[in-house]
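The numbers here are math on the coordinates, done by the rules we state, and not lab data. None of the values given here were measured: they were computed from a predicted structure. Cβ placement follows ideal geometry from the backbone for every residue including glycine, while neighbour counts extend to all protein chains displayed.
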């Protein structure tokens, strides 16, 4: 009896709400609420206690009133100390340059795959995705062995006689670019491919019939049509790369850190949770616009798959 | 000028070499005798000594076992939650809060890991302070954090798969009087099974691979395999990590090939059944 009633409830409007409510509840509890906590702590003062920050609302000494302590000091500290501004600027520069290199390498590859024969296309796609399934950390680590002074790259260059002194490659900006491009390249290629694959090739034929040279046809037809793919690929690389932590830690300079590392150092080494939270909020606000643009693209892409 | 076919082939060959040569070099040097990872000791190589060193390293094996358990639980929970979320977004039509749910499921895809890690840790600390749970950090907190970012990937995969099918079969079953739950288990679920399998594998891999978020939420007692590797390789190259990488590449390659073949078979059988059903329905 009760079981039948339960089934009835689950089948109706209530059931619908329960089904919607389950993922909603999870994401609210473990994605939205944590951000609110970070936001809150970014206004606290650091304190030697556990947890090491002052509460925002405190009873006054006489115990009669609540007092709100809303402290902008952490944000002021970030602006006043040129170290943080330089770190933000450096992170954005590294992410932007890496994104452009990814685009320059990924576009021709995506194009080649999209125009390949159908049978080879799936194989090529699998080859692009396969490294993604193997550990990201280990793939970054592989470059340590390749780039160090007695590493493979230097040994090869010495052996063929292009250089007579080993180049300093590891722990430089160059190494960080290599690491980011290497790790994120599939994220550039896949959205580009899914865009390029959908193009109507008769447009190119028409252009050729009308006397357009292949390069002109590419610049006037293929490139404009592929802009949504370019935007999606660039955002998929750029946004996570700004906050990248592992790659600069393993391959990058020690005199210029990226913002992800600074956040983590503030938190773990300095135990300054409020400043770490403020860094996270500033980073998040800076990335909000790209994240929203990416979400619009992503949702449109899924809707477009509907037949 | 290069012909267009040549240009495309060059782009692919150069790009794929870039992707695969580093992995290849790791595998080659895992058989190298010398401690200096990058100098090939031709007299005593190839050797399996780094592999045997690895397999007798209890610390690494413990960490690997913890990572496997976390990844398996994460993948399973993510698949359940992600499938529900994907179903809701693809099939439930408009409802209040739909845009927010869509936003919440895509945001973790690009969110920098340090932000996710920090926010999850602060949540756990605040919870522990307020209600005494979670009591210490380890398996449970790492798993919750992993599920939160992995479920987004499953949602996207399931949602795209569902968007590729019209809902006429589901409508028909509902018209014939089947309850929504029955429709889900006998029609929708078999349709999206390939997406669920790839979603599970994806979530497993992402969890297995994660180092940044784990480092934030792990607490002092629990170390996952990526955390152990990261602390090792921060100090420079070490040959047993090369051996570990080679084993992982071999396992992954095997899994990917098998699952691709298996999913192709599933897909073919489903298409056949659908054709037969449509033929029988006239």
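Below, the figures for the structure above:
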| quantity | calculated |
| --- | --- |
| For the range A:25-79 versus the range B:43-69, the gap between their alpha-carbon centres in whole angstrom | 45 Å |
| 0 to 90° range, to nearest 10: angle between helix B:98-110 axis and chain B longest Cα axis | 20 degrees |
| Sorted by Cβ density within 10 Å, fewest first, the residues A:171, A:53 | A:171, A:53 |
| Residues in the range B:251-280 reached by a label modelled at residue A:123 [backbone nitrogen below 16 Å; 7 Å Cα→Cβ] | B:257, B:261 |
| Label point at residue B:76 placed 7 Å out along Cα→Cβ; residues across the range B:182-205 whose backbone nitrogen lies under 12 Å | none |
| Using alpha-carbon coordinates, inclination of helix B:239-281 to the longest axis of chain B, degrees | 20 degrees |
| Acute angle (nearest 10 degrees) that the helix B:4-29 long axis makes with the longest principal axis of chain B, alpha-carbon atoms | 60 degrees |
| Set of the range B:96-134 residues, backbone N closer than 19 Å to the point 7 Å along the Cα-Cβ line of residue A:293 | B:103, B:106-112 |
| Neighbour-count order for A:101, B:68, fewest beta carbons within 10 angstrom listed first | B:68, A:101 |
| Mean ellipticity per residue at 222 nm, deg cm²/dmol - from DSSP H runs of n ≥ 4 across chain A, formula -39500 (n - 2.57) | -22500 deg cm²/dmol |
| Sum of -39500 (n - 2.57) over DSSP H runs of 4+, divided by residues of chain B (222 nm, nearest 500) | -26000 deg cm²/dmol |
| Spacing of the two label points (7 Å from each Cα toward its C-beta) at residue B:44 and residue A:97, in nm | 4.1 nm |
| Kirkwood Rh in Å, taken over the protein assembly as shown so that all alpha-carbon pairs contribute | 26.3 Å |
| Which of B:148, B:106, A:216 has the fewest Cβ neighbours within 10 Å, and the rest in rising order | A:216, B:106, B:148 |
| Förster radius 51 Å - calculated FRET efficiency between residue A:200 and residue B:247 (Cβ-Cβ, nearest 0.05) | 0.65 |
